[in-house]
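Engineer: Pasting a structure below so you can have a look.
The values are calculated or read from the model by the stated rules, or taken from the named source; none is laboratory data. It should be emphasised that the depicted structure is a prediction, and the values quoted were computed from it without experimental measurement. Cβ sites come from the backbone with ideal geometry, for glycine too, and all protein chains shown count toward neighbours.
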Amino acid sequence: MGNRGSPAATPVLGSNGDRTVVVLGAGVAGLSAAYELQRLGVPVEVLEGTRRLGGRIYTFHFGDSPDAPFAELGAMRIPAGHSNTLRYIAELGLADELRSFHSLLADKNAFLRTAETYVRMHDAARQLIGELREGLSHDGYHPETLMFGAWLTLVVDAIAPPGQRHDLRRDLRTRLLDHVERLNLAPFVRDNGSAFDLHGVFAAHPALREACGGPLRGFLDDILLETSTELFRLRGGMDQLVRRLARRIQSPIRRHHEVIGLESRPDEVLVHLRVAGQHVVRRCAQVLCTLPFPVLRGMPLDGFGDDKLDVIHQVQYVPATKVALHCREAFWQREGINGGASSSGGRVRQTYYPPIDGDPAHGAVLLASYSVGEDAELLGRMSAAARYAAVLADLAPMHPQLLRPGMVLNARSLAWGQLPWSGGGCSVQWGLDPAVADEQRRRAQEPEGRIYFAGEHCSSRPAWIDGAIESAFDAVSRMVMRMPAGLADPEPDPVHADVPDVLPVYAKVPG
Ligand SMILES: Cc1cc2nc3c(=O)[nH]c(=O)nc-3n(C[C@H](O)[C@H](O)[C@H](O)COP(=O)(O)OP(=O)(O)OC[C@H]3O[C@@H](n4cnc5c(N)ncnc54)[C@H](O)[C@@H]3O)c2cc1C
């Protein structure tokens, strides 16, 4: 194993006869896989490099009290169609904690940063249409066409990285508005022309996606999903999903076991680990690896075929950065903002106003900034102190209360692109032709000898919890199919065969 020391010189754990499946990584993919394998009676063990379970599901609590406010530094919402996630939530007894998640566009009093100033969302239409017109070659479009262009610009500007923002402006000018001009969009105008049902338009006219350029088209579904009205959150924090899952796993979950190399051999896998400063080697019959590919890129992978190495290096990841401020009070409520998000522009991009689940006496959390791509990289490269200062400077004109002495009690940020345990926010398939993306996913999932792969990057829903769970189900099915008779319960569908149909529960979610 390169310069990490030969296996012979280091302690080797595990024996030839041991059939335990060793799962690498205790994010939601690793924990789901361990849970499903255990359900099938397969001996399993989870190795996690950090002290914390959950990976990119990370609820940070500002204080030890159960009522302390918290920030979702990773995943924060669950789309209504994400049935794997919702099934687990029901199965783990968390359905009562589901609440509606209010996204961008949900609160008309939230802000939109324009080229020169800030306006409230309810005043955004005029401003956005004015700015859109400036870049057009003629002024003959229907008002509804311009509303469409304005609203699409709003959501893409708030969420997408600079490349996509640029692509959208080009697409609008060159083809999208001409395409839309032929449609009857009057039914989608809302609130006397101050709002527009963008989601309704794309649902009614699916061919519209084709009129968007490649990169934007790849990102559009995520943008529409992220701004949908059919999103949920978990009252009390998303990490409950992880904690409940971990509690159901009776097999060992070993923290502080950092994988530093893998050796794929014909009849075994050697997992090289750093444990308490020591290099140890775990001999395994089968391994399920859920480590994000940027993590694998940084370690020796002996015995891996060229195709597997290629795909490990090819899958694209985008950085994501979140900055949360623990405030003395939810001052924004006094300005009429009761949730949702602002499109804050600048380095901040999006600002969310999460509800207070605990005791308001402990203060409230403002998710001051959520950015992806180059914007996230820019903030991510700063020191934590410089990052807070940059976000405060950008937000203060919109929320001057932030500068009041004693208003900001604490801050926490996480730049996922800089974190060695993920090496990126999420995997993306932006700009890839759907057939190429499918093929890349197939290659990402493909086992390497006795090493199987799971994680959001191996799924049909990359960058979502649902994809991570889906990938775990797929990997477990593959493993079980190849296991010797008698090792796993020969249930044909290993996944949730015994779970009743729980989905109607979600129709009753409180706001
Ligand atoms: C900022 C942000 C916002 C998001 N928002 C949402 C959202 O609202 N809704 C949604 O559904 N999804 C969201 N996602 C995506 C979602 O969080 C991920 O898709 C999902 O959590 C990934 O799970 P995973 O198990 O595949 O990977 P991870 O959670 O990354 O798990 C991998 C695990 O491996 C461990 N590990 C890494 N390296 C090593 C090593 N060398 N040795 C041992 N262990 C190691 C890590 O510590 C981690 O625990 C968001 C992600 C980010 C970053």
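Engineer: Among the candidates ASP302, ASP306, single out the residue that is in contact with a helix residue (DSSP H, G or I) (Cβ under 9 Å, 6 or more places away or on another chain), outside the structural domain of TYR370 (by TED's automatic domain parsing) and farther than 29 Å from ASP357 by Cβ. Lay out the reasoning, then the answer.
Structural biologist: Details: ASP306 fails: in contact with a helix residue (DSSP H, G or I) (Cβ under 9 Å, 6 or more places away or on another chain).
Only one candidate passes the filter, namely ASP302.
Engineer: Please go through segment 402-436 and pick out each residue that is part of a helix (DSSP H, G or I) and within 16 Å of the ligand (Cβ to nearest atom). Full working, then the answer.
Structural biologist: Step one: of segment 402-436, the residues part of a helix (DSSP H, G or I) are 402-403, 416-418, 434-436.
Matches in segment 402-436: TRP416, GLY417, GLN418.
Engineer: Please state which one of PRO405, PRO447 is assigned by TED's automatic domain parsing to the domain that holds ARG19, at pLDDT 95 or above and not aliphatic (A, V, I, L, M). Steps first, answer last, please.
Structural biologist: Working: PRO405 fails: assigned by TED's automatic domain parsing to the domain that holds ARG19.
Result: PRO447 is the single residue among PRO405, PRO447 that is assigned by TED's automatic domain parsing to the domain that holds ARG19, at pLDDT 95 or above and not aliphatic (A, V, I, L, M).
Engineer: Restricting segment 345-393 to residues that are crowded, with 21+ Cβ neighbours inside 10 Å and of a type in the set (D, E, K, R), which is farthest from PRO420 (Cα to Cα)?
Structural biologist: ARG349
Engineer: Has segment 441-452 got at least one residue that is touching a His at 6+ places or on another chain (Cβ under 9 Å), within 13 Å of the ligand (Cβ to nearest atom) and part of a strand (DSSP E or B)?
Structural biologist: Within segment 441-452, not a single residue is touching a His at 6+ places or on another chain (Cβ under 9 Å), within 13 Å of the ligand (Cβ to nearest atom) and part of a strand (DSSP E or B).
Engineer: Look at segment 104-153 and say how many of its residues are free of Cβ contacts under 8 Å to residues at least 12 places away in the same chain and outside any helix (DSSP H, G or I). Before the answer, list the steps.
Structural biologist: Residues of segment 104-153 free of Cβ contacts under 8 Å to residues at least 12 places away in the same chain: 116-117, 119, 126, 130, 134, 138-140.
Now drop any that are not outside any helix (DSSP H, G or I), which leaves 116-117, 119, 138-140.
Within segment 104-153, residues that are free of Cβ contacts under 8 Å to residues at least 12 places away in the same chain and outside any helix (DSSP H, G or I) number 6.
Engineer: Shifting gears a bit: Check whether at least one residue in segment 427-445 is within 21 Å of VAL242 (Cα to Cα), crowded, with 21+ Cβ neighbours inside 10 Å and either in contact (Cβ under 8 Å) with a residue 12 or more places away in the chain or of a type outside the set (Gly, Ala, Ser) (or both), and report yes or no.
Structural biologist: Pass one, segment 427-445, residues within 21 Å of VAL242 (Cα to Cα): 427.
Within this subset, residues satisfying the condition of being crowded, with 21+ Cβ neighbours inside 10 Å are 427.
Subsequent filtering for residues that are either in contact (Cβ under 8 Å) with a residue 12 or more places away in the chain or of a type outside the set (Gly, Ala, Ser) (or both) retains 427.
Yes, the conditions are met somewhere in segment 427-445.
Engineer: Report whether or not LYS322 is within 12 Å of the ligand (Cβ to nearest atom) and charged (D, E, K, R).
Structural biologist: Working: within 12 Å of the ligand (Cβ to nearest atom): yes; charged (D, E, K, R): yes.
For LYS322, the condition - within 12 Å of the ligand (Cβ to nearest atom) and charged (D, E, K, R) - is met.
Engineer: Still on this structure: Residue by residue through segment 328-360, note down the ones that are out of contact with any helix residue (DSSP H, G or I) (no Cβ under 7 Å at 6 or more places or on another chain), part of a helix (DSSP H, G or I) and touching a residue at least 40 places away in the same chain (Cβ under 8 Å).
Structural biologist: TRP332, GLU335
Engineer: I'd like the full set of residues that are of a type outside the set (A, V, I, L, M) and either within 15 Å of the ligand (Cβ to nearest atom) or in contact (Cβ under 8 Å) with a residue 24 or more places away in the chain (or both), limited to segment 363-392. Give the derivation first.
Structural biologist: In the first step, residues of segment 363-392 are kept if they are of a type outside the set (A, V, I, L, M); the result is 363, 369-371, 373-375, 377, 380-381, 383, 387-388.
Correct list: GLY363, SER369, TYR370, SER371, GLY373, GLU374, ASP375, GLU377, GLY380, ARG381, ARG387, TYR388.
Engineer: Is one or more of the residues making up segment 211-218 within 28 Å of CYS289 (Cα to Cα) and either touching a helix residue (DSSP H, G or I) at 6+ places or on another chain (Cβ under 7 Å) or aliphatic (A, V, I, L, M) (or both)?
Structural biologist: Pass one, segment 211-218, residues within 28 Å of CYS289 (Cα to Cα): 218.
Keeping just the survivors that are either touching a helix residue (DSSP H, G or I) at 6+ places or on another chain (Cβ under 7 Å) or aliphatic (A, V, I, L, M) (or both) gives none.
No, segment 211-218 has no match at all.
Engineer: Is there a residue being within 16 Å of the ligand (Cβ to nearest atom), surrounded by fewer than 16 Cβ atoms within 10 Å (Cβ to Cβ) and of a type outside the set (Phe, Trp, Tyr) anywhere in segment 278-289? First the steps, then the outcome.
Structural biologist: Looking only at segment 278-289, we keep the residues that are within 16 Å of the ligand (Cβ to nearest atom), and these are 278-282, 284, 287-289.
Next, from what is left, pick out any that are surrounded by fewer than 16 Cβ atoms within 10 Å (Cβ to Cβ): 278.
In the following step, the residues that additionally are of a type outside the set (Phe, Trp, Tyr) were identified as 278.
Checked segment 278-289: at least one residue is within 16 Å of the ligand (Cβ to nearest atom), surrounded by fewer than 16 Cβ atoms within 10 Å (Cβ to Cβ) and of a type outside the set (Phe, Trp, Tyr).
Engineer: Is one or more of the residues making up segment 37-45 in a strand (DSSP E or B), at pLDDT 95 or above and within 28 Å of SER228 (Cα to Cα)? First the steps, then the outcome.
Structural biologist: Pass one, segment 37-45, residues in a strand (DSSP E or B): 44-45.
Narrowing the set further to residues that are at pLDDT 95 or above leaves 44-45.
The next check asks that each one be within 28 Å of SER228 (Cα to Cα); those that pass are none.
The answer is no, given that none of the residues of segment 37-45 is in a strand (DSSP E or B), at pLDDT 95 or above and within 28 Å of SER228 (Cα to Cα).
Engineer: Quick one: in segment 57-82, of everything that is among the small types (Gly, Ala, Ser) and over 16 Å from the mean Cα position of the chain (by Cα), which residue is nearest to ALA415 (Cα to Cα)? Can you show your working first?
Structural biologist: Of all residues in segment 57-82, those among the small types (Gly, Ala, Ser) come to 63, 65, 68, 71, 74-75, 80-81.
Now restrict to residues that are over 16 Å from the mean Cα position of the chain (by Cα): 63, 65, 68.
On the way: GLY63: 21, SER65: 26, ALA68: 23 Å.
The extreme case among them is GLY63.
Engineer: Find the residue count for segment 120-129, including only residues that are surrounded by fewer than 16 Cβ atoms within 10 Å (Cβ to Cβ) and at pLDDT 90 or above. Give the steps one after another, and end with the answer.
Structural biologist: Going residue by residue through segment 120-129, those that are surrounded by fewer than 16 Cβ atoms within 10 Å (Cβ to Cβ) are 122-123, 126.
Now narrow it down to the ones that are at pLDDT 90 or above: 122-123.
Within segment 120-129, residues that are surrounded by fewer than 16 Cβ atoms within 10 Å (Cβ to Cβ) and at pLDDT 90 or above number 2.
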